[in-house]
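The values are calculated or read from the model by the stated rules, or taken from the named source; none is laboratory data. A quick note: this is a predicted structure, and the numbers were derived from the prediction, not measured. Cβ placement follows ideal geometry from the backbone for every residue including glycine, while neighbour counts extend to all protein chains displayed. In case anyone asks, the SASA skips ligands and DNA or RNA and just uses the protein heavy atoms, side chains included. Shrake-Rupley method; radii C 1.70, N 1.55, O 1.52, S 1.80 Å.
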Amino acid sequence: MTFDGTEKIIGRGAQAEVFLYHDFAYKVYKQTYPAEWIDFEKHQQREINKAGLCPVKYYDTDDPHIIKMDFVDGEMLETKINRYIQEKPGDISEIIEGYKLLGRAFNFVHSAEIQELKIPHLRDTATMGLKEVGMSDDEVQKLLSIINRLSAKMKECVCHLDMHFLNIMLPREKPLSAETEYTIIDWMNARIAPAIFDYARTYVILDEFSKEALEIYKQIVLPDIWANGVSEEDFADAIEVCTAIRKREKAG
């Protein structure tokens with residue numbers, strides 16, 4: 001497809017740019033990005049729509065490297081919190097509300113029914129590419145055994161597996177509160193697995209980017225999993241799995 005010059009760039013990542021065009025968002029991937037991965041992303045979004053977890057729909061275009069999407073007119077949770085920090089330095093009340101919202105988002109995702117969903121299980125994809133980043137057969141098998149053990153021990157659910165402030169969209173000019181509406185985006189990584197892996201994945205991401213943010217996450221969000229009987233040992237094992245997956249992603 002060809003834009004008419006009125007498109008406006010609203011997002012940019014390592015593999016794609018996002019444009020606002022005629023009231024829709026268009027995700028334009030690099031031509032080198034595998035088309036089958038784009039098809040998988042569209043499949044994931046359809047399943048998430050089916051589960052009632054995100055209202056944003058994806059549409060085909062005449063270019064396999066361009067996805068047309070419903071446009072979410074709002075701002076990222078990170079943007080809202082950063083603005084609040086600038087406006088009221090030293091006041092952490094709104095930051096705490098942001099983490100509480102993150103906790104509610106986890107609970108919302110994990111409450112979805114999974115019986116009819118065709119989303120891959122974490123155990124079927126987690127070890128892909130790990131040998132290419134230097135992991136031995138024994139190390140890969142250890143990670144797979146952790147996933148199998150925790151999956152047998154804990155209830156499985158939809159896990160977003162990339163839950164952070166950049167992937168939660170909020171209405172503009174509304175305070176963070178228990179009533180705040182939000183839209184969770186970017187479901188490419190979604191898998192069926194115990195919720196412990198979702199919390200562990202976010203832990204790994206925050207540990208990489210902000211120790212301060214990680215400490216707040218520990219205080220505000222992680223008590224939810226301790227209350228559900230998750231042990232620190234099991235959580236440490238889930239972190240080990242998510243750290244390995246993150247290493248593979250960063251390797252390209």
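Some notes on this structure:
- Among the candidates Arg201, Arg172, Arg191, residue that is touching a Gly at 6+ places or on another chain (Cβ under 9 Å), touching a residue at least 40 places away in the same chain (Cβ under 8 Å), within 28 Å of Gln15 (Cα to Cα) and charged (D, E, K, R): Arg172
- The number of residues in the range 153-169 that are open to solvent by 40 Å² or more (accessible area, probe 1.4 Å) and either under 18 Å from the mean Cα position of the chain (by Cα) or among the polar types (S, T, N, Q) (or both) comes to 2.
- Per-region count, the range 74-93, residues modelled with pLDDT under 85 and either among the acidic types (Asp, Glu) or in contact with a Lys or Arg (Cβ under 9 Å, 6 or more places away or on another chain) (or both): 1
- Residue count for the range 41-83 satisfying the condition of being part of a helix (DSSP H, G or I), in contact (Cβ under 8 Å) with a residue 40 or more places away in the chain and more than 29 Å from Thr2 (Cβ to Cβ): 8.
- Number of residues in the range 170-204 that are open to solvent by 40 Å² or more (accessible area, probe 1.4 Å) and of a type in the set (Lys, Arg): the value is 2.
- Every test in (1) open to solvent by 50 Å² or more (accessible area, probe 1.4 Å); (2) in a helix (DSSP H, G or I); (3) farther than 20 Å from Tyr203 by Cβ is passed by Met128 save one, and that test is (2).
- Residue satisfying condition, being farther than 26 Å from Arg191 by Cα and either surrounded by 15 or more Cβ atoms within 10 Å (Cβ to Cβ) or out of contact with any helix residue (DSSP H, G or I) (no Cβ under 6 Å at 6 or more places or on another chain) (or both), within set Arg12, Arg83, Arg46: Arg83
- Subset of the range 148-172 [out of contact with any Asp or Glu (no Cβ under 9 Å at 6 or more places or on another chain) and in a helix (DSSP H, G or I)]: Asn148, Ser151, Ala152
- When Ser136 is tested against (1) free of Cβ contacts under 8 Å to residues at least 12 places away in the same chain; (2) surrounded by 14 or more Cβ atoms within 10 Å (Cβ to Cβ); (3) among the small types (Gly, Ala, Ser), exactly one condition is not met: (2).
- On inspection, Thr243 passes the criterion of being among the β-branched types (Val, Ile, Thr) and more than 23 Å from Gly52 (Cα to Cα).
- For the range 197-252, a residue qualifies if it is within 22 Å of Ile96 (Cβ to Cβ), of a type in the set (Gly, Ala, Ser) and not in a helix (DSSP H, G or I), and exactly one does: Ser210.
- Tyr29 being among the aromatic types (Phe, Trp, Tyr), open to solvent by less than 60 Å² (accessible area, probe 1.4 Å) and touching a helix residue (DSSP H, G or I) at 6+ places or on another chain (Cβ under 7 Å): yes
- Residue match in the range 203-212 (condition: more than 30 Å from Asp73 (Cβ to Cβ) and of a type in the set (A, V, I, L, M, F, W, C)): yes
- Of all the residues in the range 211-246, those that are open to solvent by 40 Å² or more (accessible area, probe 1.4 Å) and over 16 Å from Leu122 (Cβ atoms) number 16.
- So Leu150, is it over 23 Å from Glu113 (Cβ atoms), open to solvent by less than 10 Å² (accessible area, probe 1.4 Å) and at pLDDT 95 or above: no
- Residue list for the range 15-26, restricted to those being open to solvent by 40 Å² or more (accessible area, probe 1.4 Å) and within 14 Å of Val56 (Cα to Cα): Asp23, Phe24
- Filter pass, Ala105 being small (Gly, Ala, Ser) and open to solvent by 30 Å² or more (accessible area, probe 1.4 Å): no
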